[in-house]
């Protein structure tokens, strides 16, 4: 940012689950967050046509920064499965089709990995920060774990009901969907990427 910490930052997403999660992670930041839910501005629909998190994140952040005239952040994230050669990756949200639900995506993934001995997975999140004046920055977070054989838990979204993170320690079989929000955000890919963004902006946050 050319002038230090901006007063307002737009969140380039129309995903209600993601907006709610970002709001919780960044609740104490001294920033006014502009979202499609709390402004009357015209929010353009932005496609995510690329095969990398970086390209998709920048696509969204650039479009919203240009449309609203304020700095914007966008994240692109996904799950990478060792047995699938790192897939579905940047296609995670559309793994079972362009309009697939979280449940359909997760069901397809579990079917694809059924019978595999290697169930290692990683969540990856890339956050792009774009100033309407031009400067751009990128922040990445990663969380590794094991893919459960069946969904457990009602929290979170996406692949959370089958993602057992390493960070909770040996013997803890809880999925991301079974963790309390604060515990999840302390170890999640999105939480880690957001804390790197906070450091870049000069914001002190726990963790």
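Here, each number is a calculation from the coordinates, and none is a lab measurement. All of these numbers come straight from a predicted model, not from anything done at the bench. No Cβ is skipped: glycine too gets one built from the backbone with ideal geometry, and neighbour counts run over all protein chains shown.
Here are a few things to note about the model shown:
- Rounded to the nearest 10 degrees, the angle from helix 102-113 to the longest Cα principal axis of the chain is 40 degrees.
- Dividing the summed helix terms, -39500 (n - 2.57) for each DSSP H run of n ≥ 4, by the number of residues in the chain produces a 222 nm estimate of -8500 deg cm²/dmol to the nearest 500.
- Counted by neighbouring Cβ atoms within 10 Å, the residues 154, 190, 8 run from fewest to most as 154, 8, 190.
- Take the convex hull of the alpha carbons in segment 93-176; its mean projected area over all directions comes to 7.3 nm².
- Fewest-first sequence of 9, 146, 79 by Cβ atoms within 10 Å of each Cβ: 146, 9, 79
- Among (1) 26; (2) 47; (3) 21, the entry that matches percent of Cα pairs over 30 Å apart as calculated here: (3)
- Ranked by how many other Cβ atoms sit within 10 Å of their own Cβ, fewest first, the residues 163, 157 fall in the order 157, 163.
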